[in-house]
Amino acid sequence: MPSLEEMLRRDRLRAGYIQRMFSGATNGTRDRAQQSEATVRVPTSLGSSLSLDTLEYVITVAFGSPAATQTMLIDTGSDVSWVQCKPCPECHSQVDALFDPSSSSTYSSFSCDSAACAQLGEEGNGCSSSQQCQYIVHYGDRSSATGTYSSDMLTLGSYTISSFQFGCSHAKSGHDDKTDGLMGLGGGPQSLVSQTAGTFGTAFSYCLPPTPASTGFLTLGASSGGGADFVTTPMIRNDRIPAYYQVALEAIVVDGTQLDVPRSVFSGGSLMDSGTVVTWLPPTAYSALSSAFRARMAQYPQAPGRGALDTCFDFSGGGVPSVPPVSLVFAGGAVVKLDVGGIMLDNCLAFTANEDDNSLSIIGNVQQRTFEVLYDVGQSTVGFRAGAC
């Protein structure tokens, strides 16, 4: 199992990559899209609970005919989904057998002149000698996946989705966890959400469980608007970077007291991201949060930092630590009181600082734990329902 410090190093690289993408970009909104009454729900699990060497979250699906089980990361910051496929001389070890496209009667690869290949844009990677469309996806932690862009039957819970487009990866570099691939939940045309919008609509939600022993869910076709149990905030989209779902973080509350941080500090914007582990804040906001948190944890000795995390404590005295409540306040008055398991990671405050106050904030998966997080593209809202898993 990689150390926490190593996993946080990857987190820093990913956060920096996302922030560079947004530097100079102009925010915009998307047109409203269709909703549907069809729904499907599959369980989500913390990767470390399955000995997958990751603090990201996974679902189990199946590809092909006959169906072959694959355990995949879920990522709201990606569009192209992929699995490692035979032959794969440069792939990492994984929990399930490599997907063998030659064993599936419904598998096909896209030709280089196909519309699906052209739609890949920057993630297109030319043609193979047999004129098969090639793709490559680069991630913020400097890992990548490359192979043949393909389609096959996808089994998702009780639903089968024909001609699902995905990457059949024959080479994977970096970030060697033991997952079989990645399922893109972003807002671009290649994502699972976009490909299934005709069946499930464009609202989806998930709940990320707080511990390895607990289970959450991913729902396609989530109820539009969420309902009375949700607090909601406007969704902000960027036409130049359609994969990402942004919100406007406006304030942070610790133990009932709002931090003395001007709203302008958060003007760089905020991003919801299931693939980033901890939350990255402007330095001014993080400094105020860290100081307030330390003051309310004064009964515990401070401990050395771990990777990107520097607000850490020594809990060797025994007993369950008494952690002050933390709430995030989003535009529209949405107050999201974090679960106690969404405040700390091991013995450290699960927040860290960006390089400067102009950088994008990123709301990581630790802070999202136990909430049903609703991405309602049709209504341009993001919702939060506490205690959902």
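The values are calculated or read from the model by the stated rules, or taken from the named source; none is laboratory data. The structure presented is a predicted model; accordingly, all values stated were derived computationally and were not measured. All Cβ positions, even for glycine, are placed from backbone atoms using ideal geometry, and neighbour counts span all protein chains on display. Accessible surface areas use protein heavy atoms only, side chains included; no ligands, DNA or RNA. Shrake-Rupley method; radii C 1.70, N 1.55, O 1.52, S 1.80 Å.
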| query | How many residues does segment 362-375 contain that are out of contact with any Cys (no Cβ under 8 Å at 6 or more places or on another chain) and either open to solvent by 10 Å² or more (accessible area, probe 1.4 Å) or modelled with pLDDT under 95 (or both)? | reply | 1
| message | It is to be established whether one or more residues within segment 137-160 are over 25 Å from THR106 (Cα atoms), at pLDDT below 95 and in contact with a Phe, Trp or Tyr (Cβ under 6 Å, 6 or more places away or on another chain). | response | yes
| message | Checking the structure you have, find out if any residue of segment 207-214 is polar (S, T, N, Q), surrounded by fewer than 18 Cβ atoms within 10 Å (Cβ to Cβ), free of Cβ contacts under 8 Å to residues at least 24 places away in the same chain and under 27 Å from LEU338 (Cβ atoms). | response | no
| Members of segment 270-305 that are of a type in the set (S, T, N, Q), surrounded by fewer than 22 Cβ atoms within 10 Å (Cβ to Cβ) and under 26 Å from the mean Cα position of the chain (by Cα) | THR284, SER287, SER290
| field | Any strands (runs of 3 or more DSSP E) falling wholly within segment 198-288 and containing at least 3 residues that are farther than 21 Å from LEU328 by Cα and modelled with pLDDT under 95 | value | none
| Counting just the residues of segment 306-361 that are free of Cβ contacts under 8 Å to residues at least 40 places away in the same chain and of a type in the set (S, T, N, Q), which one comes out least open to solvent (accessible area, probe 1.4 Å)? | SER322
| Name the residues in segment 78-94 that are more than 27 Å from GLN367 (Cα to Cα) and crowded, with 18+ Cβ neighbours inside 10 Å, would you? | VAL83, GLN84, CYS85, CYS88, CYS91, GLN94
| Is it fair to say ASP255 is open to solvent by 10 Å² or more (accessible area, probe 1.4 Å), out of contact with any helix residue (DSSP H, G or I) (no Cβ under 7 Å at 6 or more places or on another chain) and in contact (Cβ under 8 Å) with a residue 60 or more places away in the chain? | no
| query | In this structure, does ASP75 turn out to be open to solvent by less than 10 Å² (accessible area, probe 1.4 Å) and acidic (Asp, Glu)? | reply | yes
| For PRO43, are the conditions met, namely being at pLDDT 85 or above, open to solvent by 70 Å² or more (accessible area, probe 1.4 Å), touching a Gly at 6+ places or on another chain (Cβ under 8 Å) and not charged (D, E, K, R)? | yes
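Conditions (1) on the phi < 0 side of the Ramachandran plot; (2) modelled with pLDDT under 95; (3) touching a helix residue (DSSP H, G or I) at 6+ places or on another chain (Cβ under 9 Å), marked per residue:
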| residue | (1), (2), (3) |
| --- | --- |
| PRO2 | yes, yes, yes |
| ARG10 | yes, yes, no |
| ASN27 | yes, yes, no |
| ALA33 | yes, yes, yes |
| TYR57 | yes, no, yes |
| MET72 | yes, no, no |
| VAL83 | yes, no, no |
| SER104 | yes, no, no |
| SER111 | yes, no, yes |
| request: Say whether the condition of being hydrophobic (A, V, I, L, M, F, W, C) and either touching a Lys or Arg at 6+ places or on another chain (Cβ under 6 Å) or closer than 17 Å to LYS172 by Cα (or both) is met by at least one residue in segment 103-112. | output: no
| If you check SER103, SER51, which single one turns out to be in contact (Cβ under 8 Å) with a residue 60 or more places away in the chain, out of contact with any strand residue (DSSP E or B) (no Cβ under 7 Å at 6 or more places or on another chain) and either open to solvent by 30 Å² or more (accessible area, probe 1.4 Å) or aromatic (Phe, Trp, Tyr) (or both)? | SER51
| note | Those residues of segment 132-187 that are farther than 14 Å from GLY64 by Cα, part of a strand (DSSP E or B), touching an Asp or Glu at 6+ places or on another chain (Cβ under 9 Å) and open to solvent by 40 Å² or more (accessible area, probe 1.4 Å) come to a total of 3
| query | How many residues are charged (D, E, K, R) and either part of a loop (DSSP other than H, G, I, E, B) or open to solvent by less than 30 Å² (accessible area, probe 1.4 Å) (or both) when one looks only at segment 106-129? | reply | 1
